[in-house]
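Any read-out appearing in this document is the output of simple, stated calculations on the displayed coordinates, not a laboratory observation. Owing to the predicted nature of the structure, the values given are computational and were not obtained by experimental measurement. Cβ: placed from backbone, ideal geometry, glycine included. Neighbour counts: every protein chain shown.
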Amino acid sequence: MTQNYRCWTEIDRGALRHNAKVVRGRIGSAEMLAVVKANAYGHGLMGCAEALADDAQLFGVANLEEALALRDKFKHPIIILGPAIPDERSEIVERGFIPTVSTFDEAEAFARIGRASINFKVDTGMGRMGAVESEAVEIFKRAAALPKIDIHSISTHMPVSDVDADYTRDELVRFRKIVEQLRAAMPGNYKAHVLQSAGTLAFNETPFEIVRAGIMLYGISPIPEFQNLLKPAMRWKTRIGLIREMPKGSSISYGRTFITPRKMRVATLTCGYADGYPRHLSNRNADVLVRGKRCPLLGRVTMDLMMIDVSHVDDVDVGEEVVLMGQQGNEDICCTELGEKAGTITWEITTRIGARVRRVFV
């Protein structure tokens, strides 16, 4: 089914469901909010939502556009995790999405439109969204008192749960105190959520009522020691478009940053940075897999093509599958490896995979 594709990903539904069960095993009776924002972290929004629908009680997206894409097929509550711009608010209210609100002005703007159920955000250290801790109780009391505002949940976000355990534990203590203060000031049946993937893996002693599972659902652990619990859901593939015998001293790609030190068999792949393969992997000892063997990337990644050394691979042919990320034979190029060599994070590797790369669910 992929024989005519130049560049594609294969997404394993079984791996997605396995990872969802790992989440469930760590959060007890808490509801699982499956975060499918950014095209399900690059894995394909609708296909991943379908695979996770039976395990998730809610979906989390970044914006109204993503929420609308889900609504026609799924009845799950959908929380919009990013701030809404003013022109989006009417449709959010009309379609029954749950916006995330940081200020009284936002809550009041939603209330002027109609009855809205909101996720009230507290800033406990992320500095991106949320009411400042010292002001959170007062803002919450005013927002919750608005006649057309219902509180769905209270949340915060942990900025260093993958690297600073001491700060994170203190942050969890502070958030619990804020939740207690809010519930004392304005009693209700609203829920709280703080744990994301790193929190679910390393700080799941206090899951509250909802847990936001993100990148771990796709089989990538933000904390290396937990990777063995998860199954990567994506394999990223391309094809060999051309094979040439290049004499010693030949220059490869823009800038002539690689000169063949000997006669080499060079394959040109039908993938480039326009497909999302990081240009920063140029000249960084990056490899791909051909017939289960690592083949070095040569020179700079170009927009639509890139070159590799296949001198050591017997009988390789044009049209052959090449694995950019994932397992082939006994070799594995994991997302973490690509991220480290590119000087970035795993989240960026998967979310930057372009729209022209087909997502094939298997």
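Structure above, values below:
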quantity	calculated
Of 75/191; 177/231; 37/231; 75/237; 75/121; 73/177, those spanning more than 31 Å from alpha-carbon to alpha-carbon	177/231; 75/237; 73/177
Zero-based 10 Å bins, Cα pair distances in the stretch 45-107, whole percents	21, 54, 20, 4
Nitroxide proxy distance, nm - points 7 Å out along Cα→Cβ at residue 165 and residue 181	2.8
Computed label-point distance, nm, for sites residue 146 and residue 262 using a 7 Å Cα→Cβ extension	7.0
Expected-Rg normalisation [2.2 N^0.38 Å, Cα atoms] applied to the stretch 85-145	1.10
Local net charge near residue 8, Cβ-Cβ under 12 Å (Lys/Arg +1, Asp/Glu -1)	+4
Reach of residue 263 by Cα under 20 Å, taken over lysines that are not fewer than 8 positions away in the same chain	248, 293
Estimated 222 nm signal from helices in the chain, with DSSP H stretches of n ≥ 4 weighted -39500 (n - 2.57), rounded to 500	-8500 deg cm²/dmol
For the stretch 191-336, fraction of C-alpha pairs farther apart than 26 Å, in %	38
At 0.692 mPa s and 37 °C, Stokes diffusion of the stretch 1-137 via Kirkwood alpha-carbon radius, µm² per second	198
Highest-fluctuation residue, 81, 182, 201 considered, GNM on the chain with Cα pairs under 10 Å	182
For the stretch 59-134 and the stretch 1-54, distance of Cα centres in Å	23
Pairs of alpha carbons in the stretch 79-196 whose separation is greater than 26 Å (percent)	17
Size descriptor, Kirkwood hydrodynamic radius, that averages inverse alpha-carbon separations across the chain, Å	22.2
Protection-proxy order for peptides 20-32, 309-321, 286-298, each taking the mean of Cβ atoms within 10 Å per residue, highest first	286-298, 20-32, 309-321
Those aspartates and glutamates that a straight Cα-Cα span of less than 14 Å connects to residue 21, excepting residues fewer than 8 apart in one chain	31, 54, 55
In Å, descending, principal axis extents of the Cα set of the stretch 153-240	64, 27, 19
Extension gain, residue 358 back to residue 229 (0.36 nm per residue minus Cα-Cα distance, nm)	43.7 nm
Quarter of Cα convex hull surface for the stretch 1-76, i.e. mean projection, nm²	6.0
DSSP-defined beta bridges in the chain - what % are antiparallel, rounded to 5	50
Residue list for the stretch 318-347, given a label point 7 angstrom along the Cα-to-Cβ vector of residue 2 and an amide N cut-off under 13 Å	320-329
